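These notes are about the structure you will find just below.
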Protein chains: 6
Amino acid sequence: MEEFQEAIERVIAGPERKSRLISEEEKEIIAYHEAGHAVVQTTLPKCDPVRKITIVSRGMALGYTMALPEDDHLLQSRNRFRDQMAGMLGGRVAEQIMFGDITTGASNDLERVTDLARKMVKRYGMSEKLGAMTFGQKEELIFLGREISEQRDYSEAVARDIDEEVRELINEAYERAEKVLTEQRDKLVAVATRLIEIETLDSDEFEAIMQGVPA
Amino acid sequence: MEEFQEAIERVIAGPERKSRLISEEEKEIIAYHEAGHAVVQTTLPKCDPVRKITIVSRGMALGYTMALPEDDHLLQSRNRFRDQMAGMLGGRVAEQIMFGDITTGASNDLERVTDLARKMVKRYGMSEKLGAMTFGQKEELIFLGREISEQRDYSEAVARDIDEEVRELINEAYERAEKVLTEQRDKLVAVATRLIEIETLDSDEFEAIMQGVPA
Amino acid sequence: MEEFQEAIERVIAGPERKSRLISEEEKEIIAYHEAGHAVVQTTLPKCDPVRKITIVSRGMALGYTMALPEDDHLLQSRNRFRDQMAGMLGGRVAEQIMFGDITTGASNDLERVTDLARKMVKRYGMSEKLGAMTFGQKEELIFLGREISEQRDYSEAVARDIDEEVRELINEAYERAEKVLTEQRDKLVAVATRLIEIETLDSDEFEAIMQGVPA
Amino acid sequence: MEEFQEAIERVIAGPERKSRLISEEEKEIIAYHEAGHAVVQTTLPKCDPVRKITIVSRGMALGYTMALPEDDHLLQSRNRFRDQMAGMLGGRVAEQIMFGDITTGASNDLERVTDLARKMVKRYGMSEKLGAMTFGQKEELIFLGREISEQRDYSEAVARDIDEEVRELINEAYERAEKVLTEQRDKLVAVATRLIEIETLDSDEFEAIMQGVPA
Amino acid sequence: MEEFQEAIERVIAGPERKSRLISEEEKEIIAYHEAGHAVVQTTLPKCDPVRKITIVSRGMALGYTMALPEDDHLLQSRNRFRDQMAGMLGGRVAEQIMFGDITTGASNDLERVTDLARKMVKRYGMSEKLGAMTFGQKEELIFLGREISEQRDYSEAVARDIDEEVRELINEAYERAEKVLTEQRDKLVAVATRLIEIETLDSDEFEAIMQGVPA
Amino acid sequence: MEEFQEAIERVIAGPERKSRLISEEEKEIIAYHEAGHAVVQTTLPKCDPVRKITIVSRGMALGYTMALPEDDHLLQSRNRFRDQMAGMLGGRVAEQIMFGDITTGASNDLERVTDLARKMVKRYGMSEKLGAMTFGQKEELIFLGREISEQRDYSEAVARDIDEEVRELINEAYERAEKVLTEQRDKLVAVATRLIEIETLDSDEFEAIMQGVPA
C-alpha cells in the first residue's frame, strides 16, 4: 500500500527532495502552512479526509497536504465548493495568524481558489446576484499550441459584478478558515510542532493529534 | 420503435453507461433535477411534450429529459422561447427547492439558457427596451479551424443594456419555473421518487404520475 | 416575361420549395408578415413599388415581398432611407399587431434595417446630432479570405452617441410602420387573407386589394 | 492645353461616362452639390481657385469641382485648412439648403473632411484644447498588404476630447459653408442652373456667373 | 572642419536642396520657425549650444537648427528635459506669435516633444503625481519586421493620469517658450530677418545677433 | 576569491569599462545614487547585506551595489519585499535629496520596483484591499519567440484597484527610503564622498563608514 501511495505522489508532485536545504525559519513556516490546510479541511464537513501531511519537499512543492474523497463525485455542490475554498486558504491564514507576515508559499493555493471562485460564478451559476446563467464563451482555440480559453461576451459592468462576487466568495472562505484556526489554535500548534519533529504525518497520527491524544 | 429511439439517443447522447458508479445522494439529486425539467415542461403550454425521462447516464450526461415537438417549427415565437427557458431551468430550480443547495449538474442547462436569451435580444429583436434591431456582426471567420462568431459593433452602454435584458429574461424564466415547481411540489416528489425506483419513465408513466394515477 | 422573373428570383432567393411542410399557424404568420411589408411599402411615398408577394418558400426565405425601383438610383436620400426602413419593419410590426407575439421570421429584416441605420449615421452623415462626418475607417482588410470592414477610430462616448442615433432611427421607422398598419388594418387583413388562399399575389392583384376592389 | 487637362482628369477620376443614365431629379441634385463646392471655395480666401465644374460623371464620381493651387504649398496653415473644410462641405450644405433633404452623394466629401479634421487635432497640434502635441503612434505596419496606420497610445478620456474637437472643427466648417451659401443663394442657383444646361463650366464661365455677368 | 560638418548633416538630414521652390511667404514662416527654436535653446540654461541655423531645405526638412552638447550625457535630468522640450516647441510658438496662425511645419517637433514627455512619465518616473514607477511593459516584439514597443498593463484611470501629466508637461514647456520669445521678440525678429537675407547662420553670427552686435 | 567575484560580476553586468568618459558632475550623481541604495539596504532589517559598491561602469550599468543573501530563500515574505523595494528606490531618493533634480539613471530600478509591487498584488495576494487571490492568467504564450505573459481576466474597476495598491506600495517604499536617508544624511555623504575618491568599496570599508570609523 505504501509503495502504491509513493508511486501516486511521485506522479502528482515529483520525487521527494530530502536533500533540499531549508532554514529552520522556513521549515517552521511550511509546517504551519500545511497544518493550516489540514486543520481547516478536517474541521469543515464537506472537505475530503486528510490522508497525509508532509513538509518534505517534492518537485516544486515545499510541502503538501493530501486529501482524497471517499468516493467519486460526479456532482459538486455550492456548499462543498465553499468548504474546499476555505481549506485551500488554510495555509495562508495560518501564516498570518502565527507570524503576522505572509509569504509567497501560498501563491499556488491562491491561483486555485481564484480559479474555483470564477468557475462558480461564471460556469455554474452559483452567485445569487449574477443568477442562473453563464458568462464568457468557453469554446477553446488552439492557437500555436496554446488554448485561449475564453472569449469575453459581456459588458464591463458585468465584469465588475463578476469580480465583486468572486472577491466576496474568497473573502468569505478566508474568514471561515480564520474562524476555524483561531478557535483551534492549539490544534494548529500541535500539528505544526509534530510536523517539525517528524516531517510527515499519516492520517492516524494526524487524527490522534486532532483528538488530543498525546503522541 | 424502441430500437429506433435507442438509436436516436445513442447518436444524441452516446451509449448508456449503466455501470457508472453513482452514490445514493447523487442519484437523488439527479432524479429531482430531471423531474424538475419534466414537470415544468409539461406544465407550460408552449413547451414540447415530454417523451422520456431517465437517470441512466449516457455519454457525458448523468440523466436527461427528452422532449420532442409535435411538428417542425420553422418560426419560433417569443412566448415559446420564454416557456422553453423556464423548462431548461427546471432542473436547477428543483435542486434549490428540494436540497437548499445547487450543483454543477446544471452547467449545460445554464449555457443553453444564456445562449438562447442572448439570441432573443441580439439576433431576434425580442427585447422591448433594445428594440427591433440586431447587435454584433454575425459573419463568421474561420481562423485556424475555429469560428469566431461575433464582432462587437456597439458601445459599452449597449453591451450593458444587452446584459441587463438577458439577465432579466433569465430571472423571469427562473421565477416561472420556481412558481410551477412550488405549486406542484407533490408531483415533483412523485416523479423523482419513481425515477429513483425504476430509473427511466416513458411518456405514459410520466403522464400517469402527473394525473395522480397511482403506480 | 414570367420566365424571366422566375429566373431572377431563382438567382436571388433559390428555387421554390412548394413541398416544404408548414403548419396552418405558421402559414398565417408568414402571410401577415409579408402583407405587413407590402402594405407599408405601398403606402410610404419613397418606397419602391411592390411587384409580387408570396408565401411560397424559396431557398432560406419562408416568403417574400419583391419591390423594384422604377429606375436606377445613383443617389439615395435620407427621406428615402427612412421610408425603406419602415418598409423593412412592416413584417415584424404586422406580427405584433395581429398576434401580440413576435417570431424569428423577422431576423433578416432586423439585420438589414440595423445595417442601413448604421450606414446613415456612420458613412452618410445623416444624423443631425453626430454631424456631417464619417466614423470608423472603412478601408478593408482581406485577412485569410474575409473582410474586416471597419477599424474603430472613435471614443466610447461617440460609440454611445452612434448607438443612440441608430436606435432612434429604427424606433422612428418602427412607429411609422405601426401607424400605417394600424390605420390600414383592414387592408392588411385583406392582403394576408388572400395570400393564405392563393399563396402568391402579383402587383395587379395586390393593387386591387389596396384599392378595395373585391377579388 | 485641353488635351493635357483631359489626361490629368482621366488619371485622377477615370474616363468620362456621358452614357450613364441619370434622372432629371438626380441631375439637379448633382448640379447643386457641385455648385455648392464651387461657390464656397471661390468665396473663402484661402481655398484654391476653381478651374472647372462638371456634372458629367467620370469613374465613380457623379460630378466634380476641380480646384488647383496657384503654387505648391510646402506648409499648410490652420486657417487654410479651415477654409478647405468649408469648401469640402459646400456640396452637402447646398443639398440641405435647396432640397431640405440630403443624399449619399456627399459620403466621399465627409470622409475627406473627417480625415483632415482628425489630422489637424492629432498630427498637427492645431486644437487649442488638446495642445501642441501628437496623439497615436503613426509608424505603419504593412500587414498582409495593408497599412494599419495608427496604434492608440492614449486614454479613453483623451479619445473623447479628440472626438469633441474634431466634431467642433467640422461643425464650424459646416456653419461657414452654410453662411456663404445662404448669403449667395442667387449665385448658387445661377451656377447650378447653368450646369444643368451645359453640364461643364470652365473657370471663365464660372467667374462670369459669380460676377453677375449674363451668360 | 566645414567638410566634416557637411558630411554629418548629409547623413542626418539628406543632401541640401537649394533648388526647391519656396514662396516668399513660406520662407518667412520657416525663418521665424527656426529662429524660434534657436532663441529658446540659447536662452534656457540646460539646452545644448546652437551650432548652426538654416532655412536651406535638406531632405524632408524645410530648415533646421543644429544644437550639439558640449560633452556626452550618460544621465539626463528632469530639468534638462524640461528645457529641451521648450526648445523643441520654440518653432511652433514663434509662428503663433508672429503670424497668429500655425502650420504643419511643426509636426515633427510635436512628435518629438510628445515622445519625450511620455517617456518622462512612463519610463523615468519623473511625474510627481504618478510616482517613482514605470508604466507599460517595454519588451519589444519584432512582428513581421516592426517593433510593437509597448504592452499596456495599467488601467484606464492610470492612462488618463498619464495623459494629463504629459499634457501638463507639454503645456508648461509651451508657456516657457512663449515667455522667452515674448520677452526677446526683437532678437527673434533680428535672427529671422538675417536668416531670410543669408539663409544660414553659424554659431558666431547667431551669437553676435543675440548680443545685439550689428551685422 | 577576488577572481571568482570578478567572474561573477562579469557574467551579471559585463566587463568593467574604466575607460568610459564620465563628467565630474555625473560621477557625483552616480556616487550618491549607489550610496543611496547601500545606506537604505544596510539599514532596513530584511535587506541582504551589502557586499560591494562601485561607480566603475560595467556593461550598461554606470555603477552598482551588490547585495547577496546569507542563505537561499525559498519563501519570500511581504515584510522582506517591503524592505527590498525601499532599497531599490534608495538611489532615486538620494538624487532627489542631494540635488533637487532626478535623472534617467534610476529607470532600471523603477522597472524592478514596479514589477515586484505588481507581483505582490497580483500573484502573491499581499494586498489587504484586493485579498487572497490572484489576478490575470499567467500561462505564457510563446508567440514568434516572445512571451506574452498575461491575459487580463478582470474588470477595469479591478485594474484600477490594482494600480492604486501598486502605487500605494511604491509610495510607501519611497517614503521609507526617504526617511532612512534623511536621518542618515551624514552617512550618505560619507559613503558617496569616499566612492568619488576610490570608486569601489568592499563590505568592510562600507561597514566602517557606516560605523563612523575614520577612513
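If the requirement is being modelled with pLDDT under 95, of a type outside the set (Lys, Arg) and open to solvent by 60 Å² or more (accessible area, probe 1.4 Å), which of these qualifies: A:Glu26, A:Glu2, A:Glu9? Can you show your working first?
Working: A:Glu26 fails: open to solvent by 60 Å² or more (accessible area, probe 1.4 Å); A:Glu9 fails: open to solvent by 60 Å² or more (accessible area, probe 1.4 Å).
After ruling out the rest, the residue left standing is A:Glu2.
Give E:Leu195, E:Leu188 a once-over and let me know the one that is over 23 Å from E:Glu16 (Cβ atoms) and open to solvent by less than 50 Å² (accessible area, probe 1.4 Å).
Values: E:Leu195 fails: over 23 Å from E:Glu16 (Cβ atoms).
One residue alone meets the criteria, E:Leu188.
Take the conditions more than 9 Å from every other protein chain (Cβ to nearest Cβ), under 23 Å from F:Ile29 (Cβ atoms), assigned to a loop (DSSP other than H, G, I, E, B) and of a type in the set (Asp, Glu) and apply them to E:Asp71. Does it pass?
Details: more than 9 Å from every other protein chain (Cβ to nearest Cβ): no; under 23 Å from F:Ile29 (Cβ atoms): yes; assigned to a loop (DSSP other than H, G, I, E, B): yes; of a type in the set (Asp, Glu): yes.
When the stated conditions are applied, E:Asp71 does not pass them.
What are the pairs with Cβ atoms under 6 angstrom where one residue, in region A:101-116, is without any contact (Cβ under 8 Å) to a residue 40 or more places away in the chain and within 19 Å of A:Arg176 (Cβ to Cβ) and the other, located anywhere, is open to solvent by 30 Å² or more (accessible area, probe 1.4 Å) and assigned to a helix (DSSP H, G or I)? Sequence gap at least six, or different chains.
Final answer for the pair search is A:Ile102/A:Gln96; A:Ile102/F:Arg78.
Could you pull out the residue among F:Gly36, F:Gly87, F:Gly59 that is over 18 Å from E:Gln76 (Cβ atoms), in contact with a helix residue (DSSP H, G or I) (Cβ under 6 Å, 6 or more places away or on another chain) and surrounded by fewer than 18 Cβ atoms within 10 Å (Cβ to Cβ)? Talk me through it step by step, then tell me what you get.
Working: F:Gly36 fails: surrounded by fewer than 18 Cβ atoms within 10 Å (Cβ to Cβ); F:Gly87 fails: surrounded by fewer than 18 Cβ atoms within 10 Å (Cβ to Cβ).
Selected residue: F:Gly59, the only one of F:Gly36, F:Gly87, F:Gly59 that is over 18 Å from E:Gln76 (Cβ atoms), in contact with a helix residue (DSSP H, G or I) (Cβ under 6 Å, 6 or more places away or on another chain) and surrounded by fewer than 18 Cβ atoms within 10 Å (Cβ to Cβ).
Could you please find all residues in region C:163-194 being in contact with a Leu (Cβ under 9 Å, 6 or more places away or on another chain), of a type in the set (A, V, I, L, M, F, W, C) and more than 14 Å from chain B (Cβ to nearest Cβ)?
Within region C:163-194, C:Val180, C:Leu188, C:Val191 meet the criteria.
Can we say A:Thr134 is outside any loop (DSSP other than H, G, I, E, B), hydroxyl-bearing (Ser, Thr, Tyr) and at pLDDT 95 or above? Walk me through how you get there before you give the answer.
Details: outside any loop (DSSP other than H, G, I, E, B): no; hydroxyl-bearing (Ser, Thr, Tyr): yes; at pLDDT 95 or above: yes.
Criteria not met by A:Thr134.
Every residue in region C:29-68 that is within 30 Å of D:Glu24 (Cα to Cα) and part of a loop (DSSP other than H, G, I, E, B), please. Full working, then the answer.
Taking region C:29-68 and keeping what is within 30 Å of D:Glu24 (Cα to Cα), we get C:37-52, C:65-68.
Passing the criteria: C:Leu44, C:Pro45, C:Lys46, C:Cys47, C:Asp48, C:Pro49, C:Leu68.
Is it the case, given these coordinates, that E:Glu197 is assigned to a helix (DSSP H, G or I), within 14 Å of chain D (Cβ to nearest Cβ) and free of Cβ contacts under 8 Å to residues at least 60 places away in the same chain? Quick ask: steps written out before the conclusion?
On the way: assigned to a helix (DSSP H, G or I): yes; within 14 Å of chain D (Cβ to nearest Cβ): no; free of Cβ contacts under 8 Å to residues at least 60 places away in the same chain: yes.
Answer is no for this residue.
Name every residue in region B:183-203 that is polar (S, T, N, Q) and farther than 15 Å from B:Thr42 by Cα, in order of residue number.
Here is the first cut: in region B:183-203, the ones polar (S, T, N, Q) are B:184, B:193, B:200, B:203.
Passing the criteria: B:Thr193, B:Thr200.
Are any residues in region F:168-185 of a type in the set (Ser, Thr, Tyr) and open to solvent by less than 50 Å² (accessible area, probe 1.4 Å), and if so, which ones? So that I can check it myself, show each step before the final result.
Initially, region F:168-185 is screened for residues of a type in the set (Ser, Thr, Tyr), giving F:174, F:182.
The answer is F:Tyr174, and nothing else.
I need the full set of residues from region E:45-81 which are among the aliphatic types (A, V, I, L, M) and either over 21 Å from E:Lys119 (Cα atoms) or within 13 Å of the chain's Cα centre (by Cα) (or both), in order please. Working first, answer last.
Taking region E:45-81 as the starting set, the residues that turn out to be among the aliphatic types (A, V, I, L, M) are E:50, E:53, E:55-56, E:60-62, E:66-68, E:74-75.
Residues satisfying the conditions are E:Val50, E:Ile53, E:Ile55, E:Val56, E:Met60, E:Ala61, E:Leu62, E:Met66, E:Ala67, E:Leu68.
How many residues, within region A:90-140, are over 21 Å from B:Ala159 (Cβ atoms), small (Gly, Ala, Ser) and either surrounded by fewer than 23 Cβ atoms within 10 Å (Cβ to Cβ) or away from chain F (no Cβ under 13 Å) (or both)? Lay out the reasoning, then the answer.
Let us first name the residues in region A:90-140 that are over 21 Å from B:Ala159 (Cβ atoms), namely A:90-117, A:119-120, A:124, A:126, A:128, A:140.
When the remaining residues are screened for being small (Gly, Ala, Ser), the result is A:90-91, A:94, A:100, A:105-107, A:117.
Filter again for either surrounded by fewer than 23 Cβ atoms within 10 Å (Cβ to Cβ) or away from chain F (no Cβ under 13 Å) (or both), leaving A:100, A:107.
Result for region A:90-140: 2.
Could you check, for region C:74-89, whether at least one of its residues is free of Cβ contacts under 8 Å to residues at least 24 places away in the same chain and assigned to a helix (DSSP H, G or I)?
no
The values are calculated or read from the model by the stated rules, or taken from the named source; none is laboratory data. Everything numeric here is computed off the predicted structure, so don't read it as measured data. Note that each Cβ is placed from the backbone with ideal geometry, even for glycine, and that neighbours are counted across all protein chains shown. We work out accessible area using only protein heavy atoms, side chains counted, and drop any ligands, DNA or RNA first. Shrake-Rupley method; radii C 1.70, N 1.55, O 1.52, S 1.80 Å.
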